[in-house]
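The values are calculated or read from the model by the stated rules, or taken from the named source; none is laboratory data. A quick note: this is a predicted structure, and the numbers were derived from the prediction, not measured. Cβ atoms come from the backbone with ideal geometry, glycine included; neighbour counts cover every protein chain shown. For accessibility, only protein heavy atoms count, side chains too; no ligands or nucleic acids. Shrake-Rupley method; radii C 1.70, N 1.55, O 1.52, S 1.80 Å.
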4 protein chains.
Amino acid sequence: MTRVTVWNEFRHEKSDPEVAAIYPDGMHVTIAEALRARGIQTRTATLDEPEHGLTDAVLDETDVLIWWGHLAHEEVDDAIVERVQLRVLGGMGLVVLHSGHGSKLFRRLMGTTCNLKWRESTDTEVLWNVAPGHPITRGIDEHIIIDQEEMYGEYFEVPTPDVLVFISWFTGGEVFRSGACYVRGSGKIFYFRPGHETYPTYHHSAVQDVIANAARWAAPDYEVTQRFGNPGPLIPR
Amino acid sequence: MTRVTVWNEFRHEKSDPEVAAIYPDGMHVTIAEALRARGIQTRTATLDEPEHGLTDAVLDETDVLIWWGHLAHEEVDDAIVERVQLRVLGGMGLVVLHSGHGSKLFRRLMGTTCNLKWRESTDTEVLWNVAPGHPITRGIDEHIIIDQEEMYGEYFEVPTPDVLVFISWFTGGEVFRSGACYVRGSGKIFYFRPGHETYPTYHHSAVQDVIANAARWAAPDYEVTQRFGNPGPLIPR
Amino acid sequence: MTRVTVWNEFRHEKSDPEVAAIYPDGMHVTIAEALRARGIQTRTATLDEPEHGLTDAVLDETDVLIWWGHLAHEEVDDAIVERVQLRVLGGMGLVVLHSGHGSKLFRRLMGTTCNLKWRESTDTEVLWNVAPGHPITRGIDEHIIIDQEEMYGEYFEVPTPDVLVFISWFTGGEVFRSGACYVRGSGKIFYFRPGHETYPTYHHSAVQDVIANAARWAAPDYEVTQRFGNPGPLIPR
Amino acid sequence: MTRVTVWNEFRHEKSDPEVAAIYPDGMHVTIAEALRARGIQTRTATLDEPEHGLTDAVLDETDVLIWWGHLAHEEVDDAIVERVQLRVLGGMGLVVLHSGHGSKLFRRLMGTTCNLKWRESTDTEVLWNVAPGHPITRGIDEHIIIDQEEMYGEYFEVPTPDVLVFISWFTGGEVFRSGACYVRGSGKIFYFRPGHETYPTYHHSAVQDVIANAARWAAPDYEVTQRFGNPGPLIPR
């Protein structure tokens, strides 16, 4: 059974009443409840816990980590970032949400700046499914409409996705590669764009479905032990 | 020097006064003139010529073939399609325009139906450059705006592009992977979406720039001779 | 539960005593038994049955088709090839084995010649797992050694795989991309190199494991219905 | 005209007489001479120079950086690594040679450990060209044979290459993805495996040809200025 840890920096909800009204217990709790309602075993962790809540003991019991951060990217400890990065390369799944594009963790795994364009306004977002049949779009149909969301626009400086799952349309004329799969080491990574803190996006049923599908997809299929090093010849001559 | 042959089925222009008003000599002539103005040696060929104008002699002098077809896909002779397909695999570049997505040639090279959604209306198209630095976007900036064009929408049933160069936005809420690079054998293929016959798209300077860039990109860098078959061991044991 | 149909042209086994000694009931029966032993519901079909055993009724009950052909590629009816191709694009999985690289079906789906180098000799083959963590390499470890096999060598004229799973080493100095995943439409395709008819390769336990893993991987995750055509605007202006 | 800077940590050559006998002036000088002989404007830089020889002034005049390091990866200053990484994302080409797979720079750009297997022995290496027609294999034919080289074996923990150009065969039974293209931001990166310090590999004419081809390929085609940030709507509603 997939075991998910939802990580949230959990700062906007404490300082901004507009956000607190939408997510009174934090976005991580809303997301965790949505996953549990879909049968996924889920815990949460936040920035201000010791080791940001990402101890080795927690990670040992985590198949997939979901990551939301924004204001406090630079407060995340480099040692924890490296710990999580190595877990991902070793097989732990990772789902990076929205402004998590700018996190140390995602930038380290991508090797690029992960910069983009953005606008907080009244744009509608339409996410088009360009990977029908992919596990992440199970039950999703052709598109998801989010009445109002922050705009993210291209150019998005990331490596070419291994699989592009969603492309977003915004009212203002922009497009964005908003669902992108990567394999790094034996770990699977999914970046999913929606989820600005001032909109009720994580209460949207199809958005919740995508996150649940992504968690199931990103979970390791089996345990992998890499053997690097200095072997003798395999085939004697 | 890159030698281009612009192929057009050249039927709409003869039967539809609206199209003839925009392209009195045919779209192929408009495109060829744009390429010549950009320093590319260009000839044309059309469906109703013997062998559709694509004799071995013509193909021997063609580095890149540009293809526009729509009404008469099924009139293109299978033997000519196979001839051109093998030329592409052997290194000849191919630029497929707009409704050429449904041509026998493109479908054979892709292996899929190449189906999509479409709407002839008053949509504006914005093509976003998602491959800055790529030879095909030289001089193109962040986007190209086409005031009115036919809409093409996802899902577009093609293989995942080797490089995705443009994503289009349409007024009606749709997106489309509208510039897509493929390598097949030692040949380079570029699919470029714009160019419905009832709009003056091939008179648009940036569209012309893209087609010229694509022709230069798709031209073979050097001649390749594949050796398949039944060799002895390379390294004796 | 995954339902597999193993298709074999079933000619070598009838005409060549050396092959019949290894596969007295045909390679398809050996492969089918290996799949059944791994819990996969499996039937078989062969070239000389009506409609090559690939009627719509059979395909309706097939999640994944496994294909072995060699001598008689040209005897496969074009209408059946197109029928199967459309099934794959619609979601049916396909596992193409060994000399099936030259089948009409695989060449149509790839769009290339699928040519390669080959040598029937005493080469050992080592297949290296370059996709640890991928469902197809579950339980496979770092490599598979096949004491004797036909050599296949690069250049292999296929599109760049979406995921490269195995690379083969041969005694004579050659290498080959011998496990390759493709997505076409909503269907998954796996090409797997080993299996020359004069070697007992399909009795090799790890080879059987790979084919079983590939069948499970290639099975559709859910049913997909594409809607192409001519819609009105999604977002009114 | 392409301007190349060849960077070498330049330590083995000073401390190991065996290496000094092969590369009396350092590997960077041998490589630089090979590039100059092929018409490429080339300078060199080494670890022990101020700022490792990679000042902004030098990088301003560098289209492509070639990187060889091994013993002293950890001595490379993090600030210089970040400076070079940002240059690459901005368009500067990068060719990483052999043990440079373990450099801070390559690991940061890839996001993975870049670990592998290795053996210093008497293996012969055959590099197979799996990208015929690609600019990097111009003039290279089907394969390159290096009589003796260090073995590098899979699994090589890097992201899936955008284009795989070479696969290596080694006597001992191993294979390796030994020529791999990546695009990151608007920069092109090529990893090329051969070049252990105790073998005369950089005196090998075909190896020199590949490095020269790679330098020409990796050079930016034109200057790119990304505009990220916070724009207003492109298309007013």
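Numerical summary
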| read-out | value |
| --- | --- |
| Matching residues in segment A:55-94 - criterion: being of a type in the set (S, T, N, Q) and within 18 Å of A:Tyr182 (Cβ to Cβ) | A:Gln85 |
| Candidate set from segment D:96-125 (those that are basic (Lys, Arg) and either within 14 Å of chain B (Cβ to nearest Cβ) or open to solvent by 30 Å² or more (accessible area, probe 1.4 Å) (or both)); member that is nearest to C:Tyr155 (Cα to Cα) | D:Arg107 |
| Qualifying residue in segment B:126-138 (condition: open to solvent by less than 10 Å² (accessible area, probe 1.4 Å), more than 8 Å from every other protein chain (Cβ to nearest Cβ) and either out of contact with any Ser or Thr (no Cβ under 8 Å at 6 or more places or on another chain) or among the charged types (D, E, K, R) (or both)) | yes |
| Which listed residue is assigned to a helix (DSSP H, G or I), under 24 Å from A:Gly185 (Cα atoms) and within 14 Å of chain C (Cβ to nearest Cβ), from A:Arg87, A:Arg83 | A:Arg87 |
| Complete set of residues in segment B:149-176 that are more than 13 Å from chain D (Cβ to nearest Cβ), touching an Asp or Glu at 6+ places or on another chain (Cβ under 9 Å) and not hydrophobic (A, V, I, L, M, F, W, C) | B:Glu149, B:Glu150, B:Tyr152, B:Gly153, B:Glu154, B:Tyr155, B:Pro159, B:Glu174 |
| Checking B:Ile145 against (1) within 12 Å of chain D (Cβ to nearest Cβ); (2) under 25 Å from B:Glu74 (Cα atoms); (3) free of Cβ contacts under 8 Å to residues at least 40 places away in the same chain, the condition it does not meet | (2) |
| Residues of segment D:6-42 that turn out to be more than 14 Å from D:Gly69 (Cα to Cα), touching a residue at least 40 places away in the same chain (Cβ under 8 Å) and outside any helix (DSSP H, G or I), as a count | 5 |
| Residue within segment D:46-64 that is within 25 Å of D:Glu150 (Cβ to Cβ) and in contact (Cβ under 8 Å) with a residue 60 or more places away in the chain present | yes |
| Any hit, segment A:185-193, residues being within 8 Å of another protein chain (Cβ to nearest Cβ) and open to solvent by less than 10 Å² (accessible area, probe 1.4 Å) | yes |
| So B:Gly179, is it in contact with a strand residue (DSSP E or B) (Cβ under 8 Å, 6 or more places away or on another chain), closer than 18 Å to A:Glu174 by Cβ and facing another protein chain (nearest Cβ under 7 Å) | no |
| Residues of segment D:139-183 satisfying the condition of being open to solvent by 30 Å² or more (accessible area, probe 1.4 Å), outside any strand (DSSP E or B) and in contact with a Phe, Trp or Tyr (Cβ under 6 Å, 6 or more places away or on another chain) | D:Gln148, D:Asp162 |
| Qualifying positions in segment D:213-235 - surrounded by 16 or more Cβ atoms within 10 Å (Cβ to Cβ), in contact (Cβ under 8 Å) with a residue 12 or more places away in the chain and more than 7 Å from chain A (Cβ to nearest Cβ) | D:Asn213, D:Ala214, D:Ala215, D:Arg216, D:Trp217, D:Ala218, D:Ala219, D:Pro220, D:Val224 |
| Subset of segment A:46-80 (residues that are part of a helix (DSSP H, G or I), of a type in the set (D, E, K, R) and either more than 14 Å from every other protein chain (Cβ to nearest Cβ) or open to solvent by less than 10 Å² (accessible area, probe 1.4 Å) (or both)) | A:Glu51, A:Asp56, A:Asp60, A:Glu74, A:Glu75 |
| Test: residue in segment C:23-37 that is closer than 22 Å to C:Val76 by Cα and touching a Leu at 6+ places or on another chain (Cβ under 7 Å) | no |
| Sole exception among (1) within 20 Å of B:Val130 (Cβ to Cβ); (2) free of Cβ contacts under 8 Å to residues at least 12 places away in the same chain; (3) touching a Ser or Thr at 6+ places or on another chain (Cβ under 6 Å) for A:Arg107, by number | (3) |
| Any hit, segment B:28-43, residues being under 24 Å from C:Thr113 (Cα atoms), in contact with a helix residue (DSSP H, G or I) (Cβ under 9 Å, 6 or more places away or on another chain) and open to solvent by less than 10 Å² (accessible area, probe 1.4 Å) | no |
| Residue match in segment C:203-210 (condition: modelled with pLDDT of 95 or more and within 25 Å of B:Leu86 (Cα to Cα)) | no |
| Breaking point among (1) touching a helix residue (DSSP H, G or I) at 6+ places or on another chain (Cβ under 8 Å); (2) free of Cβ contacts under 8 Å to residues at least 24 places away in the same chain, for A:His196 | (2) |
